[in-house]
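Okay, structure first, notes after.
Bear in mind these aren't lab numbers, they're just calculated from the coordinates by the rules spelled out. None of the values given here were measured: they were computed from a predicted structure. Please note: Cβ atoms are built from the backbone with ideal geometry, for glycine as well, and neighbour counts cover all protein chains shown.
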Amino acid sequence: MNALAATNRNFRQAARILGLDSKIEKSLMIPFREIKVECTIPKDDGTLVSYVGFRVQHDNSRGPMKGGIRYHPEVEPDEVNALAQLMTWKTAVADIPYGGAKGGIGCSPKDLSFSELERLTRVFTQKIHDLIGVNTDVPAPDMGTNAQTMAWILDEYSKFHGYSPAVVTGKPIDLGGSLGRDAATGRGVVYATEALLAEHGKSVKGLTFAIQGFGNVGSWAAKLFHERGGKVVAVSDITGAVRNPNGIDIHALLQHKDATGKLADFSGADVLNSNDLLTQECDVLVPCALGGVLSRENAGDVRAKFVIEAANHPTDPDADEILSKKGVVILPDIYANAGGVTVSYFEWVQNIQGFMWDEDKVNTELKRYMTKAFHNIKGMCQSHDCNLRMGAFTLGVNRVARATLLRGWEA
Ligand SMILES: NC(=O)C1=CN([C@@H]2O[C@H](COP(=O)(O)OP(=O)(O)OC[C@H]3O[C@@H](n4cnc5c(N)ncnc54)[C@H](OP(=O)(O)O)[C@@H]3O)[C@@H](O)[C@H]2O)C=CC1
Ligand SMILES: O=C(O)CCC(=O)C(=O)O
């Protein structure tokens, strides 16, 4: 089942649990707007190359649409649609005043030079600048993009509309980015995990963690679990995987990856087949890379007791069912990785106020939002007798449906 079918299925199930009117259900499933643009750039050698860029704006009933921009070869319309819809429920679960959107370009960012990436980002921005904005749709980084990408979008957008730092979040600090945004998704994952573990009478200290992906989210989550006394026993990236049952020194692994660009050849751990990362012996499995990695094929072999969905849509519905039957507790993406967009909200607020928070304030507020959202989800689980995924979906969908009804449909 593709990402969109799976997301729609979860949404419909939540709508059924909530007893949502079928007309509202239908209106919430159809995206507000889907944008598809051609992006042609000259490569450094002068040859032309064309890419397809997407921005799907799913819903704006609770505020401006919000979500990342992904550069990855597998970016395709259905997945962007699913990710945009997930953003709508995620911002509602986090209770921040936004709707949902997502964008992307089907490209391999590692095969493009710095100046090619800049040209591609600027052309994409030229094609969508009229449809994004501080109060309409606010992009941010996702897989394959970063603060530099946001700086180019901000600069290109400002040529058309005047200087507007709040048009993107996840910017460099020098351009109005928020302290703590770079770490925010990983830090939010850790706060979310702590809230879940506390419910089970456990804490991070002494538990074992396997982490798929060592980019923005995975590396920060690994570092913060490690610093709290968690034992990170396996880590992977696109180049391979490493394993040490006694715990990997994450600071040393970060230095190694910075120096070599890969995890392979790290002296503090053994080589592991990447396919085995998800089925490693561990207490907590944290997918922090692509969607759909937990499927019917491998879910039965997962040995973790907890799965924390730091990536978007890492678990397909078959895997969801298999894992639940095995008693594995899954913390769903629309809550587990909401720390990134929550600090994006803080960044947007700081830009609008023209006032910069210190990092302690950002992290304290992030923890407050993540902890509150967890208790709100648990409340939905109790009132509707459902698992954490449906607790999160019903919480998000209910808030969006209420806002939609209050705004009405009169032309
Ligand atoms: N950035 C953010 O604020 C947020 C991100 N997310 C989600 O988190 C996930 C990761 O995003 P982010 O960290 O930003 O992306 P990055 O591009 O920073 O990192 C992605 C990581 O995944 C690795 N990777 C890619 N393919 C594979 C694979 N097949 N097996 C193992 N590792 C792989 C990459 O390897 P390599 O390092 O070798 O390239 C890299 O380490 C995505 O699902 C994203 O949507 C969710 C909320 C917010
Ligand atoms: O920070 C943001 O606005 C969005 C981050 C994102 O793309 C996500 O949460 O999946």
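Just a few scattered comments:
- Contour excess over end-to-end distance, with Cα ends at T239 and D174 and 0.36 nm allotted per residue: 20.2 nm
- Full-extension gain in nm, S50 to E321, via 0.36 nm per residue minus C-alpha separation: 93.5 nm
- Each of M29, M390, M65, M370 was scored by other Cβ atoms within 10 Å of its Cβ. Listed from fewest to most, they are M29, M390, M370, M65.
- Among the chymotrypsin sites (Phe, Trp or Tyr not before Pro) in the range 77-177, those placed in a DSSP loop whose Cβ has at most 16 other Cβ atoms within 10 Å are Y163.
- Exceeding the 29 Å Cα-Cα cut-off - candidates K127/K257; K325/K378; K223/K325; K66/K361: K127/K257; K223/K325
- K26/D155 FRET efficiency (R0 45 Å; Cβ-Cβ; nearest 0.05): 0.70
- Neighbourhood net charge (13 Å Cβ-Cβ; Lys/Arg +1, Asp/Glu -1) for A147: -3
- Over the chain: helical MRE at 222 nm, DSSP H runs n ≥ 4 each giving -39500 (n - 2.57), nearest 500: -15000 deg cm²/dmol
- The distance between label points at S383 and K262 comes to 5.3 nm (points 7 Å beyond Cα on the Cα→Cβ vector).
- Distance from the alpha carbon centroid of the range 252-267 to that of the range 302-318 works out to 26 angstrom.
- Computed over neighbours whose Cβ is under 11 Å from that of N60, the net charge equals +2, Lys and Arg +1, Asp and Glu -1.
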